1. Rounded to the nearest 500 deg cm²/dmol, what is the calculated helix-only ellipticity per residue at 222 nm for the chain, with -39500 (n - 2.57) per DSSP H run of length n ≥ 4?
2. Output the 0 to 90 degree angle, nearest 10, between the alpha-carbon long axis of helix 40-49 and the longest principal axis computed from the alpha carbons of the chain.
3. Excluding ligands and nucleic acids, what accessible area in Å² is computed for W46 using a 1.4 Å probe, to the nearest 10?
4. Among (i) 29, 17, 8; (ii) 20, 13, 10; (iii) 27, 21, 9, find the value of semi-axes √(5λ) of the Cα gyration tensor in Å that was calculated from the structure presented, and write down its label.
5. Taking Cα atoms, how many degrees apart are the long axis of helix 52-70 and the longest axis of the chain, rounded to 10 and kept between 0 and 90?
6. Can you count the Lys pairs in the chain with C-alpha separation below 27 Å, eight or more apart or on different chains?
7. Modelled label-to-label distance, A55 and N35, 7 Å Cα→beta-carbon offset: nm?
8. Round to the nearest 10 and report in Å² the accessible area of E24, as given by a 1.4 Å probe over the protein chains' heavy atoms.
Amino acid sequence: MMKKCIRINRQNGSTFAKMTGLLEPWEEMAQKYRNEEISREEYDRWRYRYPRLEAESNEAAHKELKGENNG
């Protein structure tokens, strides 16, 4: 299996930070799959819906916190 390598120029700080933020979840989920913490089906479901799935998850967490603060 051929591995891919992406190089991001650190000189452009804002782009580097954005790209790193987008790539870290991919590495985390790939590692979970390799460690058999999640199934191939779970990994595929996540990767086909990323980043929308992350946004939905963050929105749900935000609403939950907001509800706790109002209660």
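The values are calculated or read from the model by the stated rules, or taken from the named source; none is laboratory data. The model shown is predicted, which means the values in this text are computed figures rather than measured ones. When we count neighbours, we look across all protein chains shown, and the Cβ atoms used for this are built from the backbone with ideal geometry, even at glycine. Ligands, DNA and RNA are excluded from the accessible area calculation, which covers all protein heavy atoms including side chains. Shrake-Rupley method; radii C 1.70, N 1.55, O 1.52, S 1.80 Å.
1. -24000 deg cm²/dmol
2. Long axis of 40-49 versus the principal axis of the chain: about 80 degrees.
3. 10
4. (iii)
5. It is inclined by approximately 30 degrees.
6. For the chain, qualifying lysine pairs total 7.
7. About 2.9 nm separates the two model spin labels.
8. 100
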